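The values are calculated or read from the model by the stated rules, or taken from the named source; none is laboratory data. In this text, all values refer to a predicted model and were calculated from it rather than measured experimentally. Cβ placement follows ideal geometry from the backbone for every residue including glycine, while neighbour counts extend to all protein chains displayed. Heads up: the accessible areas ignore ligands, DNA and RNA and are worked out on the full protein's heavy atoms, side chains in. Shrake-Rupley method; radii C 1.70, N 1.55, O 1.52, S 1.80 Å.
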Amino acid sequence: MSRTEHEVALAAVREAAVLCRNVQLFIGPDALEKKDRSPVTVADFGSQALICRRLAEVFPDDPVMAEEDSTALREPAQAVLLARVVAEVRRLVPEATAETVCAWIDRGNLGAYRPRFWTLDPIDGTKGFLRGDQYAIALALIVEGDVQVAALACPNLSLRADSGASRGVVFTAVRGEGAWAWPLQGEGDPIRIQVSGVTNPAQARFCESFESAHSAHDAAAEVARRLGITIPPLRLDSQAKYALVARGEADLYLRLPTRPGYVENIWDHAAGALLVTEAGGCVTDIQGRPLRFDLGPALAENRGVVVSNGRLHERVLEALAAVGVA
């Protein structure tokens with residue numbers, strides 16, 4: 001895989017993170033109380049526009065499978081919202097217009113599998129973004145069904161696990177070449193990351209979704225009990241959970257189905273999955289099957305997700321089966 005894909009992905013999510021930070025700075029405490037999604041909507045559209053623009057410049061033939069399209073944004077009733085999106089994009093791309101911004105967004109409209117495509121979640125972790133907590137910008141290149149390149153920007157995570165490190169990090173991975181943590185902004189050498197060496201489940205720390213609607217917390221607690229885990233779970237939004245496992249800050253991430261028939265989207269897992277596997281970990285569904293990224297936007301053949309340092313994986317799958325989740 002060319003180094004160009006990695007370089008472009010890293011630059012793309014870094015640029016989008018600047019826009020997202022700019023928007024997040026002006027979110028007031030009333031946004032959650034009023035269920036005001038407009039800030040995250042501005043950041044979603046703006047982030048997708050910037051990333052699709054950069055991909056189009058270097059890889060004009062590569063389609064993008066992303067979460068947003070501009071249909072609603074083009075409606076006359078959304079003129080104010082569109083103006084806000086364009087204004088944020090113009091801070092980074094001064095020549096942007098309403099038409100070019102919508103066109104960039106719509107480069108993410110791929111709806112079916114292709115032998116080579118990018119998948120993007122421009123804001124992963126909506127509630128975390130609104131709270132000022134964790135969110136991620138997740139970009140991955142998929143070739144012949146395999147994730148080959150990943151870039152995961154986490155603007156509110158520290159570069160290193162210790163709290164004194166600078167805030168803002170981009171995690172990247174290239175298949176067969178390992179996983180790295182880069183400063184979100186400015187120059188700086190990357191840090192090679194690896195999963196933990198924990199082999200005793202009782203010593204493990206696991207993370208799960210902050211929102212109970214996104215993962216079955218009760219079932220996860222029962223799995224933890226069976227494994228002898230007593231450390232409280234780390235609860236946070238977005239694929240930042242994958243990053244914590246990849247750099248050894250957590251040992252497990254469980255995303256358990258909350259209802260029958262629930263299917264995950266590929267943009268919520270593609271970047272994180274490569275990051276963890278290249279850091280030495282393991283990612284499967286709750287039945288131990290590899291995640292399938294060759295079936296379109298949905299992980300249609302998978303149920304739930306289990307992420308581990310690899311050493312604990314079989315024990316976790318056994319506990320899931322015993323609890324009756326798998």
Long-range amide H contacts for Arg303: which residues qualify at under 5 Å (H placed 1.01 Å from N, peptide plane, sequence gap of 5 or more or a different chain)? Ile286, Gln287
Over the alpha-carbon set of the stretch 166-293, divide Rg by the Kirkwood Rh and report the Rg/Rh ratio to two decimals. 0.97
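Considering only protein heavy atoms, what per residue accessible area in square angstrom results for the stretch 133-272 with a 1.4 angstrom probe?
In whole numbers, the stretch 133-272 has 38 Å² accessible per residue.
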Extension length gain for Ala77 and Gln287 (0.36 nm per residue less Cα distance), in nm, is 71.0 nm
Quick tally, 1.4 Å probe accessible area for Glu95, Glu301, Glu249, Glu15, sorted with the most first, runs Glu95, Glu301, Glu249, Glu15
Run the helix sum for the chain: -39,500 (n - 2.57) per DSSP H stretch of 4+ residues, divided by residue count, reported at 222 nm to the nearest 500 deg cm²/dmol. -10500 deg cm²/dmol
Using Cα pairs under 8 angstrom and six or more residues apart, how large is the relative contact order of the stretch 170-326, in percent? 26
Just how much of Leu92 is accessible, in Å², when a 1.4 Å probe is used and the result is rounded to the nearest 10? 60
Run through all the Cα pairs of the chain and give the fraction in each 10 Å bin from 0, expressed as whole percent. 6, 28, 35, 23, 7, 1
Enumerate the calculated ³J(HN,Hα) couplings along the stretch 140-147 in order (Karplus 6.51 cos²θ - 1.76 cosθ + 1.60, θ = phi - 60°), each rounded to whole Hz, writing x wherever the residue is Gly or Pro. 9, 9, 10, 10, 6, x, 10, 6
Interchain or long-range residues, amide H under 5 Å from Gly108's placed H: none
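Indicate, rounded to the nearest 5 percent, the antiparallel portion of the DSSP beta bridges found entirely in the stretch 193-326.
Percent antiparallel among DSSP bridges in the stretch 193-326 is about 60.
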May I ask you to evaluate 6.51 cos²θ - 1.76 cosθ + 1.60, the Karplus curve with θ = phi - 60°, for each residue of the stretch 261-278 and list the ³J(HN,Hα) values in order in whole Hz, giving x for glycine and proline? x, 5, 10, 7, 9, 5, 5, 7, 9, 4, 5, x, 4, 5, 4, 5, 5, 6
Find how much the distance from Ile231 to Thr100 grows on full extension, using 0.36 nm per residue of separation minus their present alpha carbon separation; answer in nm with one decimal. 42.2 nm
Leaving out ligands, DNA and RNA, and with a 1.4 Å probe, what % of the accessible surface on the stretch 158-313 is carbon or sulfur? 46
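Working from the pairwise distances between different alpha carbons, so that the mean of 1/r is found and then inverted, what is the stretch 260-314's Kirkwood radius in Å?
11.3
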Amide H neighbours of Tyr135 under 5 Å, at least 5 residues apart or on other chains, H built in the peptide plane: list them. Asn156
Report the one residue of Ala49, Pro290, Phe59 whose Cα lies farthest in the direction of the positive end of the charge dipole of the chain (charges on C-beta: Lys and Arg +1, Asp and Glu -1; origin at the Cα centre). Pro290
Whole-number percent relative contact order across the chain, with pairs defined as alpha carbons under 8 Å at least 6 apart: 16
Square roots of five times the Cα gyration tensor eigenvalues for the stretch 73-187, Å: 28, 22, 13
Multiply the residue separation of Ala322 and Asn109 by 0.36 nm, subtract the distance between their alpha-carbon atoms, and state the gained length in nm to one decimal. 72.6 nm
Per the stretch 66-136, sqrt(5λ) over the Cα gyration tensor eigenvalues, sorted largest first, in Å, gives 21, 19, 13
